[in-house]
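The values are calculated or read from the model by the stated rules, or taken from the named source; none is laboratory data. All values reported here derive from a predicted model rather than from experimental measurement. Here Cβ is always computed from backbone atoms with ideal geometry, including for glycine, and neighbour counts include all displayed protein chains. These accessible areas exclude ligands, DNA and RNA; they are computed on the full protein's heavy atoms, side chains included. Shrake-Rupley method; radii C 1.70, N 1.55, O 1.52, S 1.80 Å.
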Amino acid sequence: MKICCIGAGYVGGPTMAMIAHKCADHTVTVVDLNQSRIDAWNSDTLPIYEPGLDAVVREARGKNLFFSTDVDTAIHEAEMIFISVNTPTKTYGVGAGRAADLRFIEKCARKIAEVSQGDKIVVEKSTLPVRTAESVKRILQANSKGRKFQILSNPEFLAEGTAIADLQNPDRVLIGGEQSPDGLLAIQKLVDVYANWVPREQIITTNLWSSELSKLTANAFLAQRISSINAISALCEATEANVDEVATAIGTDSRIGPKFLKSSVGFGGSCFQKDILNLVYLCQHFGLPEVANYWEGVITMNDYQKHRFARRVISTLFNTVSDKRIAVLGFAFKKDTNDTRESAAIYICEDLIKEHANLAIYDPKVTEVQIRQDLNVSVENPHVSVCEDAYTATEGAHAVLILTEWDEFKTLDYQRIYDQMQMPAFLFDGRNLLDLEALNRIGFEASGIGQG
Ligand SMILES: NC(=O)C1=CN([C@@H]2O[C@H](COP(=O)(O)OP(=O)(O)OC[C@H]3O[C@@H](n4cnc5c(N)ncnc54)[C@H](O)[C@@H]3O)[C@@H](O)[C@H]2O)C=CC1
Ligand SMILES: O=C(O)[C@H]1O[C@H](OP(=O)(O)OP(=O)(O)OC[C@H]2O[C@@H](n3ccc(=O)[nH]c3=O)[C@H](O)[C@@H]2O)[C@H](O)[C@@H](O)[C@@H]1O
């Protein structure tokens, strides 16, 4: 079968690479309007950093995996078309700041309707508001000219930094479709693709709306756990309880489980916030204000956690960070990715820049261009420098902030760092990554999240 995927981003690229890698019989073409992104997918320097991705792409590219900007040809030739374009939060008009902006999805639907000559199975891979498939279907049917279109929902559950492992061995694959004979046939075709490597019992099939809503719900539940433990971290700081100990204690209850209980500077990433805002908007739209308010609390708590961290840095540094050098270690929203979308580091840096701090930022994978773009500062801005390594960033610093849990930060020579800092040397571990007692023995005034 010929498969096309529209959107060569963090989801489209790795997901299609895995399908090509696992299904030698299928030819997969990933298309995007962004020429430089496609060029990067065709080069030795892929546009995204993801452990294990290079090998999977290298193995399949040129054989049954292709990256192209020729959207029309790929759609025309494919029997199955995945839509994996971005669905950001709307920034204008009705629903601004909450609703999902579906203009890219609609453009894809119209393009498919325009270019297709035969029947197609259209698969929603992007995360979408529940009942979006209805709109996609109406656009396609209104322009069908006798062709038949089946719409499936196949949300993606991979997490960045572990995308290849998640794709290789997913907890489940979810496929929603119309419960008609044609719909069930289309579902079966997609089941057959995944069944090349995913055990059949882990491929869940549902109706379209359950599938669309399950994706928003999964992200809301995951984010809710982080906000819940972050809420408790504030109480721990007030009471000398230790949030990591509390997390371990509650996580051993098999009904709660240990995952996603790591207190932090707040969750980031391109999806949690946008998907919960979307859920909130949907609840308001359907006249469910109590449900909307309930989920909005997850975002409110996350905002509180990010700003609370910055406020604590400022108050600890004698209520002023003006003209003080602050080393920021980590800028990505989590380790093992170069993605900075909605990273807590952006908000914390912005809060400190407003207080006229001089930030020296280092991240192992995020480029200087990206950091400057996120903070909206040019190379001339005296308040932001981007450093080559952690030792340069911490030279002469009044404080060190750990904002991403990169493994390399665990093994830095903290004695060396301490020796080159201003005294008192403060360290704020926003990821509870380091051994605070060992740091305090060196002489640091070190503190973590939710630790008395
Ligand atoms: N990033 C993640 O870890 C996950 C994201 N998702 C969802 O997957 C979807 C895609 O997310 P990402 O891959 O992160 O986005 P992305 O922004 O990295 O990639 C989207 C790509 O689509 C392209 N595009 C937009 N409109 C197009 C059009 N009309 N024709 C051709 N190309 C077009 C853009 O140029 C861009 O390269 C979103 O709905 C997101 O919520 C779901 C699970 C995980
Ligand atoms: O829809 C999506 O985009 C994806 O969103 C998340 O994946 P991702 O955002 O890539 O990464 P996560 O591992 O979920 O981390 C999100 C944020 O939460 C933070 N986090 C995570 C776990 C935790 O215990 N504590 C915590 O603060 C991370 O540092 C990061 O900032 C989900 O985990 C994926 O299942 C989903 O497919």
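For the range 103-118, residues that are more than 16 Å from ligand 2 (Cβ to nearest atom) and under 19 Å from Gly176 (Cα atoms) total 1.
This table checks each residue for (1) over 30 Å from Ala113 (Cα atoms); (2) under 16 Å from the mean Cα position of the chain (by Cα); (3) at pLDDT below 95; (4) not β-branched (Val, Ile, Thr).
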site	(1), (2), (3), (4)
Thr162	yes, yes, no, no
Gln188	no, no, no, yes
Ile203	no, no, no, no
Ser211	no, no, no, yes
Lys215	no, yes, no, yes
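Pick out the one residue from Ile276, Ile256, Ile232 that is over 30 Å from Ala360 (Cβ atoms), within 26 Å of the chain's Cα centre (by Cα), of a type in the set (A, V, I, L, M) and open to solvent by less than 30 Å² (accessible area, probe 1.4 Å). It would help to see each step written out before you state the result.
Values: Ile256 fails: open to solvent by less than 30 Å² (accessible area, probe 1.4 Å); Ile232 fails: open to solvent by less than 30 Å² (accessible area, probe 1.4 Å).
That would be Ile276, the only listed residue that is over 30 Å from Ala360 (Cβ atoms), within 26 Å of the chain's Cα centre (by Cα), of a type in the set (A, V, I, L, M) and open to solvent by less than 30 Å² (accessible area, probe 1.4 Å).
Scanning the range 385-416 for residues that are free of Cβ contacts under 8 Å to residues at least 60 places away in the same chain and not in a loop (DSSP other than H, G, I, E, B) yields Ser385, Val386, Tyr391, Thr392, Glu408, Lys410, Thr411, Tyr414, Gln415, Arg416. Of the candidates Glu212, Glu201, the single residue that is open to solvent by less than 20 Å² (accessible area, probe 1.4 Å) and among the charged types (D, E, K, R) is Glu212.
Regarding the range 216-224, can at least one residue be identified that is closer than 22 Å to Asn302 by Cβ, open to solvent by 40 Å² or more (accessible area, probe 1.4 Å) and of a type in the set (Val, Ile, Thr)? The answer is yes, given that some residue of the range 216-224 is closer than 22 Å to Asn302 by Cβ, open to solvent by 40 Å² or more (accessible area, probe 1.4 Å) and of a type in the set (Val, Ile, Thr). Taking the criterion of being under 20 Å from Ala241 (Cβ atoms) and either in contact (Cβ under 8 Å) with a residue 60 or more places away in the chain or open to solvent by less than 20 Å² (accessible area, probe 1.4 Å) (or both), the residues of the range 417-445 that qualify are Phe428, Asp429, Gly430, Arg431, Asn432. Could you tell me whether any residue of the range 136-159 is in contact with a Pro (Cβ under 9 Å, 6 or more places away or on another chain), in a helix (DSSP H, G or I) and open to solvent by 50 Å² or more (accessible area, probe 1.4 Å)? Within the range 136-159 (the criterion being in contact with a Pro (Cβ under 9 Å, 6 or more places away or on another chain), in a helix (DSSP H, G or I) and open to solvent by 50 Å² or more (accessible area, probe 1.4 Å)), the answer is no, since none of the residues qualifies. Considering only residues that are open to solvent by less than 20 Å² (accessible area, probe 1.4 Å), among the β-branched types (Val, Ile, Thr) and either farther than 22 Å from Ala142 by Cα or out of contact with any helix residue (DSSP H, G or I) (no Cβ under 9 Å at 6 or more places or on another chain) (or both), which ones fall in the range 73-115? Hit for the range 73-115 is Thr87, nothing else.
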